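The values are calculated or read from the model by the stated rules, or taken from the named source; none is laboratory data. Keep in mind the model is a prediction, meaning the values are calculated, not measured. Here the Cβ is made from the backbone with ideal geometry for all residues, glycine too, and neighbour counts use every protein chain on show.
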Amino acid sequence: MQKGEEVSVIYVQPSEAKRWKTRLTQQGLLHPRVRMHPVPDGRVAIPVLETKEEEFENVERGSCFCPYRSAVLGNPTNPNAIQQILMDFLQAWMKVDPSTLPTGPHHPLELMGDDRTVVIPATMWEPVSLSSYIRRHAPTTNDISNDSLWQRLAALYSSRRVVRRGTIDPNNPVRHSTFEVVWHDGSYDKEGWMTITEQGIRQSLDITKLMFSRGNITEKIRFGQTLVQSGEEVLDLYAGIGYFTLPALVHGRAKHVVACEWNPEAVAALTFNLKDNHVHDRATVYEGDCRHAPWGHQRFDRVSLGLLPSSQGGWKTAVRALKEDCGGWLHVHANVPVEERDVWGNWLSTQLLSYAPASWMVVLHHVQKVKSFAPTVNHYVADVCMGPPEVVAQRTGCLEARPGVAFYRGVIVDGDVPIPSCALSENGVLHQEWMRELEE
């Protein structure tokens with residue numbers, strides 16, 4: 001479980017967090033042991049030292065749990081300490097010139113999982129380069145094991161495992177991980193198995209086979225603690241290991257969640273996680289392509305489409321999975337160029353409307369930024385309400401209730417809208433054939 005403590009905080013919008021952190025640091029009011037933490041309503045809690053109320057005029061104060069800073073947990077922040085480990089390791093066979101050492105990390109290494117696994121960059125102390133270095137400087141040395149090197153590095157972080165970071169191919173529909181376990185102390189039944197606890201939810205996976213998405217924690221909190229309502233029936237079209245399925249069940253107290261996933265490794269982890277969090281009796285897992293609608297005639301209050309870079313291939317399936325009498329909500333994820341956010345919103349609204357019954361109305365109620373994916377591209381989630389006009393208007397506060405129209409930013413969207421560059425296209429930025437196979 002994540003370590004931290006209950007402290008005094010101020011609540012600010014994410015866009016203001018950096019400015020407030022800088023100001024508090026300059027004033028000596030930023031809490032030294034714990035770090036900023038997202039809260040369910042979308043704001044950020046910044047930990048502060050006890051001080052006079054007037055220090056924080058026009059901002060809400062309170063208290064909440066905040067996780068410890070890496071330094072408090074024993075995460076060394078000086079890369080020189082890491083290079084010293086390499087030097088100590090090599091000095092057993094040669095006289096070492098520090099200026100010739102293989103390049104180490106420029107920043108503190110990442111600690112991942114409840115067991116504090118050390119994650120190193122893909123190119124750090126790469127085996128072939130390290131062996132080549134040893135042969136050049138100690139040509140008579142043979143059969144050197146690197147285990148003691150990794151063991152020393154792990155000890156620096158009070159860890160039992162070291163993992164080399166890999167890459168994820170976004171064009172691969174299964175998105176296999178290429179992380180590699182380079183050393184562990186022998187205490188793991190499965191050397192790549194890791195548990196990561198967030199907001200009281202245990203998420204386990206084999207990191208050598210599956211990716212773990214760390215950047216969407218605020219969205220998982222929002223989905224489970226704000227959006228999903230008790231008693232709802234929820235469909236998760238791209239469940240993975242349970243990123244949104246688990247919050248819907250644990251925090252949202254959904255009546256039932258149908259989770260679809262076509263990666264067998266992710267299905268195994270998802271099934272384990274449902275049992276580990278004691279919510280398996282309220283979930284059904286389908287392995288395979290969600291676009292074939294394996295749930296049959298069952299219909300849902302809410303559908304999560306948490307696939308990046310685009311979930312476009314599942315939009316038609318999602319719309320048709322909503323309850324026929326009252327419609328429901330879609331939460332559509334995508335990587336979108338920042339300057340095209342509104343173009344995407346307008347286009348998404350009209351696309352979803354084209355899949356809906358003629359008597360329905362569509363309201364794109366809110367666009368939530370999850371994280372920056374690249375300097376000019378953000379990961380967004382669109383909260384879209386669809387269904388009979390009177391029901392949609394009541395749920396969203398829309399002032400008009402008209403069938404056959406789509407609203408975005410309170411305005412009816414013209415049917416002839418520009419197509420954003422992030423739309424699936426044979427010649428576009430996103431051209432995955434696997435995602436377009438069942439579009440027709």
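Every condition in (1) within 20 Å of the chain's Cα centre (by Cα); (2) in contact (Cβ under 8 Å) with a residue 12 or more places away in the chain holds for SER15 except the one numbered (2).
Looking only at region 179-191, which residues are free of Cβ contacts under 8 Å to residues at least 24 places away in the same chain and touching a strand residue (DSSP E or B) at 6+ places or on another chain (Cβ under 9 Å)? Can you show your working first?
In the first step, residues of region 179-191 are kept if they are free of Cβ contacts under 8 Å to residues at least 24 places away in the same chain; the result is 186, 189-190.
Selection gives LYS190 alone.
So which residues in region 297-310 are in a loop (DSSP other than H, G, I, E, B) and buried (at least 22 other Cβ atoms within 10 Å of the Cβ)?
Within region 297-310, the first condition is being in a loop (DSSP other than H, G, I, E, B), and the residues that meet it are 297-299, 301, 306-309.
Once the filter is applied, which keeps residues that are in a loop (DSSP other than H, G, I, E, B) and buried (at least 22 other Cβ atoms within 10 Å of the Cβ), region 297-310 yields only GLY306.
Conditions (1) in the same structural domain as HIS379 (by TED's automatic domain parsing); (2) part of a helix (DSSP H, G or I); (3) in contact with an Asp or Glu (Cβ under 6 Å, 6 or more places away or on another chain); (4) crowded, with 23+ Cβ neighbours inside 10 Å, marked per residue:
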position	(1), (2), (3), (4)
LYS220	yes, yes, no, yes
LEU235	yes, no, no, yes
ILE241	yes, no, no, yes
ALA259	yes, no, yes, yes
VAL267	yes, yes, yes, no
ASP281	yes, yes, no, no
TRP295	yes, no, no, no
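Which one of THR226, THR195 is at pLDDT 85 or above and outside any helix (DSSP H, G or I)? Quick ask: steps written out before the conclusion?
Working: THR226 fails: outside any helix (DSSP H, G or I).
Testing whether each residue is at pLDDT 85 or above and outside any helix (DSSP H, G or I) leaves just THR195.
Among the residues of region 370-389, those identified as within 26 Å of LEU308 (Cα to Cα) and part of a loop (DSSP other than H, G, I, E, B) are PRO375, THR376.
Before we move on, is PRO127 in the same structural domain as LYS95 (by TED's automatic domain parsing) and either at pLDDT 80 or above or exposed (fewer than 14 other Cβ atoms within 10 Å of the Cβ) (or both)? Show your work before the answer.
Working: in the same structural domain as LYS95 (by TED's automatic domain parsing): yes; either at pLDDT 80 or above or exposed (fewer than 14 other Cβ atoms within 10 Å of the Cβ) (or both): yes.
Considered against the rule, which asks whether it is in the same structural domain as LYS95 (by TED's automatic domain parsing) and either at pLDDT 80 or above or exposed (fewer than 14 other Cβ atoms within 10 Å of the Cβ) (or both), PRO127 comes out as yes.
Checking every residue in region 192-213 against the condition of being more than 19 Å from the chain's Cα centre (by Cα) and not assigned by TED's automatic domain parsing to the domain that holds HIS379 gives at least one match. Of all residues in region 205-218, those that are within 16 Å of ARG43 (Cβ to Cβ) and surrounded by fewer than 19 Cβ atoms within 10 Å (Cβ to Cβ) total 1. Taking the criterion of being in a strand (DSSP E or B), buried (at least 21 other Cβ atoms within 10 Å of the Cβ) and within 22 Å of the chain's Cα centre (by Cα), the only residue of region 336-364 that qualifies is VAL336.
Could you tell me which of the residues VAL417, VAL367, VAL392 is in contact (Cβ under 8 Å) with a residue 24 or more places away in the chain, assigned to a strand (DSSP E or B) and of a type in the set (A, V, I, L, M)? Among VAL417, VAL367, VAL392, only VAL367 is in contact (Cβ under 8 Å) with a residue 24 or more places away in the chain, assigned to a strand (DSSP E or B) and of a type in the set (A, V, I, L, M).
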